[in-house]
Structure formats: C-alpha cells, structure tokens
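Here is the structure we will look at, set down as structure tokens.
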Amino acid sequence: MLPKDPMILLSYVNTKLRDRDHDLDVFCSVEDVDRCELSARLEEVGYVYDENRRQFV
C-alpha cells in the first residue's frame, strides 16, 4: 500500500525509482498501481515525472 500523504508518497516513489526500479512503469507493475493515477496524485502537489531523470521533480 502506498503512503496517503503526497509528500511521503513522493519520497517513497523517488526512493524506489532510484534504488530498485529505475523506471516508472516497472515501479507501477511491482507496486500494482495505475501510472496515471499515481502521476495525477503527485501532479496535484506540483510534481511531474521526468523521463530523463527517472524521478518526479
């Protein structure tokens, strides 16, 4: 289960992308979450996924 708080969610996702998954599609598959829903939750607090950096910025 992903964190509900958007800032904790941001930290959690970026840490997993850096340490384990290296790609948002892999992260979403491993965590069994919808990429669009995850991205929308983080966009609500001003963060978008950067394909080149492979993290939300």
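Before moving on, here are some points about what is shown:
- Across the range 11-57, the number of residues qualifying as in a loop (DSSP other than H, G, I, E, B), open to solvent by 50 Å² or more (accessible area, probe 1.4 Å), out of contact with any Cys (no Cβ under 9 Å at 6 or more places or on another chain) and within 16 Å of residue 1 (Cβ to Cβ) comes to 1.
- Residues (in contact with a Phe, Trp or Tyr (Cβ under 9 Å, 6 or more places away or on another chain) and touching a residue at least 12 places away in the same chain (Cβ under 8 Å)) located in the range 10-23: 10, 13, 14, 16, 17
- Close contacts from the range 24-44, counting a first residue that is under 13 Å from residue 9 (Cβ atoms) and a second that is of a type in the set (Lys, Arg) and exposed (fewer than 13 other Cβ atoms within 10 Å of the Cβ), with Cβ to Cβ under 9 Å and a gap of 6+ residues or different chains, come to 27/20.
- For the range 1-10, filtering for residues that are under 15 Å from residue 45 (Cα atoms) and in a loop (DSSP other than H, G, I, E, B) leaves 3.
The values are calculated or read from the model by the stated rules, or taken from the named source; none is laboratory data. Not measured: the values here are computed from a predicted model. Because the Cβ atoms are built from the backbone with ideal geometry, glycine has one as well, and the counts that use them run over all protein chains shown. Accessible surface areas use protein heavy atoms only, side chains included; no ligands, DNA or RNA. Shrake-Rupley method; radii C 1.70, N 1.55, O 1.52, S 1.80 Å.
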